[in-house]
């Protein structure tokens, strides 16, 4: 997995390194990466995997904690993802 803050260099690096997974949250960057055939996930996807792997007690609680720290996600998206894992 490759993680980077600015999407253009991230996408270029991911393509050059043939990354198996790219962590990116920005919608425009996600669209561009998907167009280029890269497999992507976002922060919420990482939280889901952490919950499924027993690394965190609650996906919903962690997503809420991130929200209180200024990270914004669609409440509907968080609810749908939480429901997908039985929360």
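Annotations
- Cβ-based exposure ranking for 47, 77, in which fewest neighbours within 10 Å come first: 77, 47
- The angle between the Cα long axis of helix 7-17 and the main principal axis of the chain comes to about 70°, on a 0 to 90 degree scale.
- Annotation for residue 65 and residue 36: the two label points, set 7 Å from Cα along the Cα-Cβ direction, are 3.2 nm apart.
- Kirkwood Rh in Å, taken over the chain so that all alpha-carbon pairs contribute: 13.8
- Within the listed set 11, 24, 56, the Gaussian network model of the chain (springs between alpha-carbon atoms below 10 Å) gives the highest mean-square fluctuation for 56.
- Computed packing ranks the peptides 13-19, 38-44, 66-72 as 38-44, 13-19, 66-72, most packed first, by mean other Cβ atoms within 10 Å.
- Cβ crowding within 10 Å, taken as a proxy for footprinting-reagent exposure, orders 59, 35 from fewest neighbours to most as 35, 59.
All of the numbers you see were taken from the coordinates with simple rules; none came from a lab. Quick caveat, the model's predicted, so the values are computed rather than measured. Virtual Cβ from ideal backbone geometry, glycine too; neighbours counted across all protein chains shown.
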